Amino acid sequence: METAARPNQHVEVDDEGQADVVDSADEEARWVKKSNDAFFGYRGYSAVDIEGGYVEHVEVHPANQSEVNKLPGIVDALIEQGIQPEGVLADKGYASAANREYLQAKGIGDLIQFNGSRGHPVHPLQTQMNRSIATLRYKVEQGFGTMKRRFHLSRARYFGAAKTQAQMAWAALGVNLLKAVRKLQSGRLQPYAGSRPS
């Protein structure tokens, strides 16, 4: 997510005469390069229930922080909420020995896509596994797409990671409500037994 601030760089000098380069009014936003494009802002993470496609947890961190280190924190947050994941479906950005060991220690199924490295290409069986995982992971990407298109999450509205995370939480709530309404309309989700239609 791009920050709400302009990424103008300027120099500030404190009372002791020490110069410091300040990137923008949003002090927590950072630069990251993705493919050939550079972005100034934040990276959003979400945990999605594969069965219903509901967003169960969101986090926002500065864009320059690597996603590979965020998996344990996201899983721990789910467990603290009383959600015990049976398995974790994740893309190649989370592929690391540390993440695989963490999931194994927690007794959680490891469905992280495999990532090759220079001189060590992905084995054909791992490529096939990656494709299978991708067919299950689409609900996560679908949730991000809906948050960006319908709830304008491509750009942050506020400064700071905490406020940007709140914006993402509201977008996730909107996605969940949209899914629930569609399921009610199609008859795949039944209203609560004690409720009456209005």
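The values are calculated or read from the model by the stated rules, or taken from the named source; none is laboratory data. Keep in mind that this is a model prediction, so the values were computed, not measured. When we count neighbours, we look across all protein chains shown, and the Cβ atoms used for this are built from the backbone with ideal geometry, even at glycine.
Data table
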| item | result |
| --- | --- |
| Failed criterion for Val122 (all others in (1) farther than 12 Å from Val175 by Cβ; (2) at pLDDT below 90 hold) | (2) |
| Members of the range 12-60 found to be in a loop (DSSP other than H, G, I, E, B) and among the hydrophobic types (A, V, I, L, M, F, W, C), listed by number | Ala25, Ala29, Ile50 |
| Residue that is modelled with the lowest pLDDT, among those in the range 130-147 that are within 13 Å of Gln113 (Cα to Cα) and crowded, with 16+ Cβ neighbours inside 10 Å | Arg137 |
| Scope the range 70-102; condition surrounded by 13 or more Cβ atoms within 10 Å (Cβ to Cβ) and either assigned to a loop (DSSP other than H, G, I, E, B) or over 18 Å from the mean Cα position of the chain (by Cα) (or both); matching residues | Lys70, Ile83, Pro85, Asp91, Ala95, Ser96, Arg100, Tyr102 |
| Single residue of the range 103-127 satisfying the filter (charged (D, E, K, R) and outside any helix (DSSP H, G or I)) that is nearest to the chain's Cα centre (by Cα) | Asp110 |
| Tally of residues being out of contact with any strand residue (DSSP E or B) (no Cβ under 7 Å at 6 or more places or on another chain), assigned to a helix (DSSP H, G or I) and more than 23 Å from Ile50 (Cβ to Cβ) across the range 128-169 | 4 |
| Unmet criterion (only one of (1) touching a strand residue (DSSP E or B) at 6+ places or on another chain (Cβ under 9 Å); (2) without any contact (Cβ under 8 Å) to a residue 12 or more places away in the chain; (3) within 22 Å of Val175 (Cβ to Cβ)) for Asp14 | (3) |
| Pairs, first under 13 Å from Met147 (Cβ atoms) in the range 160-183, second at pLDDT below 95 and part of a helix (DSSP H, G or I), C-beta under 6 Å, six or more apart | Ala171/Met147; Ala171/Phe151; Gly174/Phe151; Val175/Gly143; Val175/Thr146; Val175/Met147 |
